[in-house]
Amino acid sequence: MNYRRLGSTGLRISRLGLGCGNFGGIGSAPAFFGMGETEAQACDLMDRAYDAGINFFDTANAYGGGRSEAYIGRWLKTKGPAVRQQLLISSKVFNPVGPGVNDRGLSRRHILQQVDESLGRLQTDRLHMYLIHEPDPETPLDETLRALEDVVRAGKVLYVGASNIEAWRLARGLWISDKAGWCRFDWVQNSFSLLDRAPEREIFPLCADQGIGFTAFSPLAGGWLAGRYRSAQAYPEGSRMTLRPEPYRHLEREAVFRGLDRLADEARARGTGMAALALAWVLHHPRVDAAIVGPRNAAQLDDALQSTAVELCAGDPRQLAALFEN
């Protein structure tokens, strides 16, 4: 496993992070709480990931209705201080965690409460990495940033980041933090893949200018780039497209299916799998510090780990990107 500094921080993270969004549920959707990986399956994945050199696990307070954090906390307790001291835990706040009108968002009340809730479930005294899961247009950004400053000063959080954020909002947040002398966003965690290159337009240039790190979520576009979906074929039972298809409906086009066939040919020619090649493309981008992978089983984790051994030549990234451009 290779490691890289997270943006301009001194923190070194593995090029792959273990996404724990399917532990005890399917993301933050209440309809799927109790589904996803069982605690035993989650522990097996965490064992395998840690043994492979993955040194940070990515979760959120709302994943599985809190089950994801609780699974990680109990796993950490069984592993003891040697593992706990080496592993970095990244969690998030924003999505609803209860029925109340204040049980969501990025208000000062919600952030201060949810940091403590996450620490309790994770059975730890600090979160190494903490993200706003999404922007909250109903809460002033300076209120959110002041709350993050307070949890950092209290020693409950070490590094803060922003997920699903636009470039303009990130720039404004950095300005507010710099003006007030508060902690600033250390990194961005947005979607980035061969099928979603939006960060190339504005986020990557801003991150480069401001020394902000970047971790990519959904680097396989919900399994599309792993070859799970084919034209005119039924989607596999239990796959993302049978459970939460909405974010990926726009990919149901013949041009995308043709690109996937070409990607499969490229992978075979290189003696690797589609998932490994697609992940290698993401990791090759100079702005990407790490990619978050969410394997459902050991075989999918092994496919992801192969990506760190795939070597791309100078013209390969452009060639692979062109597979989906016509």
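The values are calculated or read from the model by the stated rules, or taken from the named source; none is laboratory data. Since this is a predicted model, take the numbers as computed values, not measurements. Ideal geometry is used to build each Cβ from the backbone, glycine not excepted, and the neighbour counts take in all protein chains shown. Accessible surface areas use protein heavy atoms only, side chains included; no ligands, DNA or RNA. Shrake-Rupley method; radii C 1.70, N 1.55, O 1.52, S 1.80 Å.
Let me know the Rg and Dmax you get for segment 140-276 when you use only its Cα atoms, in Å.
Over segment 140-276's Cα set, Rg and Dmax evaluate to 19.1, 56 Å.
Give the long-range amide H neighbours of Y159: residues separated by 5 or more places, or on another chain, with amide H under 5 Å away, using H modelled in the peptide plane at 1.01 Å from N.
M129, Y130
For the chain, what is the Kirkwood hydrodynamic radius in Å, using each pair of distinct C-alpha atoms?
20.1
With all protein chains present, how much of the accessible area of the chain (probe radius 1.4 Å) comes from carbon and sulfur, to the nearest whole percent?
Of the solvent-accessible surface of the chain, carbon and sulfur hold 48 percent.
Please check the chain for the longest run free of trypsin sites (Lys or Arg not before Pro) that are loop-located per DSSP (anything but H, G, I, E, B) and have at most 11 other Cβ atoms within 10 Å.
1-200
Once you order the gyration tensor axes a ≥ b ≥ c over the Cα atoms, which shape class does segment 126-169 get: rounded for a/c under 1.5, otherwise prolate or oblate by comparing a/b with b/c?
oblate
If you roll a 1.4 Å probe over the heavy atoms of the protein chains, what accessible area per residue do you get for the chain, in Å²?
43
Nearest 10 degrees is fine. How inclined is helix 274-284 to the longest principal axis of the chain, computing both from alpha carbons?
Around 50 degrees separate the two axes.
Please work out the C-alpha center-to-center distance from segment 212-289 to segment 58-119 and express it in whole Å.
Going from one Cα centre to the other spans 28 Å.
Where in segment 225-326 are there GluC sites (Glu not before Pro) that are in a DSSP coil and have at most 10 other Cβ atoms within 10 angstrom of their Cβ?
Passing both the DSSP loop test and the Cβ count: E237, E311, E325.
Take the Cβ-Cβ distance between A234 and R258 as r, set R0 to 22 Å, and report the resulting FRET efficiency rounded to the nearest 0.05.
For A234 and R258, the calculated efficiency is 0.70.
Let me know the shape class of segment 1-115, please: from the alpha-carbon gyration tensor, a ≥ b ≥ c as square roots of the eigenvalues, rounded when a/c is under 1.5, otherwise prolate if a/b is greater than b/c, or oblate.
Here segment 1-115 falls in the oblate category.
Stretched out fully, how many nm does the piece from D142 to Q306 gain, at 0.36 nm a residue minus the Cα gap?
Length gained between D142 and Q306: 54.8 nm.
I need to check one value: relative contact order of segment 1-127, counting alpha carbon pairs closer than 8 Å and at least 6 residues apart, in percent.
Relative contact order comes out at 22 percent.
If you take every DSSP beta bridge whose two residues both sit in the chain, what share of them, in percent to the nearest 5, is antiparallel?
10
Charges on Cβ only, +1 for Lys and Arg, -1 for Asp and Glu, centred on the Cα centroid of the chain; of A298, L119, A226, which one is farthest towards the dipole's positive end?
Of the listed residues, the answer is L119.
Under unit Cβ charges (Lys, Arg +1; Asp, Glu -1), what dipole magnitude, rounded to 20 debye, does segment 231-326 have relative to its Cα centre?
Using only the charged Cβ atoms, the result is roughly 160 debye.
In nm, what is the difference between 0.36 nm times the number of residues separating R74 and A298 and their Cα-Cα distance?
This chain segment gains 78.6 nm when fully extended.
Only loop residues by DSSP count here, and only those with at most 15 other Cβ atoms within 10 Å; note down the GluC sites (Glu not before Pro) in segment 27-98 that meet that.
none
Can you tell me how much longer the chain between W175 and T242 gets when fully stretched, taken as 0.36 nm per residue apart minus their C-alpha distance, in nm with one decimal?
19.9 nm
What is the helix-to-structure angle for 167-180, meaning the angle in degrees between its Cα long axis and the longest Cα principal axis of the chain, kept from 0 to 90 and rounded to the nearest 10?
For 167-180 against the chain, the angle is about 30 degrees.
Helix-derived [θ] at 222 nm for the chain: sum -39500 (n - 2.57) over DSSP H runs of at least 4, divide by residue count, nearest 500?
When only DSSP H runs of four or more count, the value is -12000 deg cm²/dmol.
Relative to the first principal axis of the alpha-carbon coordinates of the chain, what is the inclination of helix 67-79, with its axis defined by its Cα atoms, in degrees from 0 to 90 and to the nearest 10?
80
Ratio of Rg to Rh for segment 198-326, alpha carbon only, Kirkwood?
Checking Rg against Rh, the ratio lands at 0.96.
Just to confirm a number: summing +1 for Lys and Arg and -1 for Asp and Glu over residues other than H284 whose beta-carbon lies under 10 angstrom from that of H284, what do you get?
Local charge sum for H284: -2.
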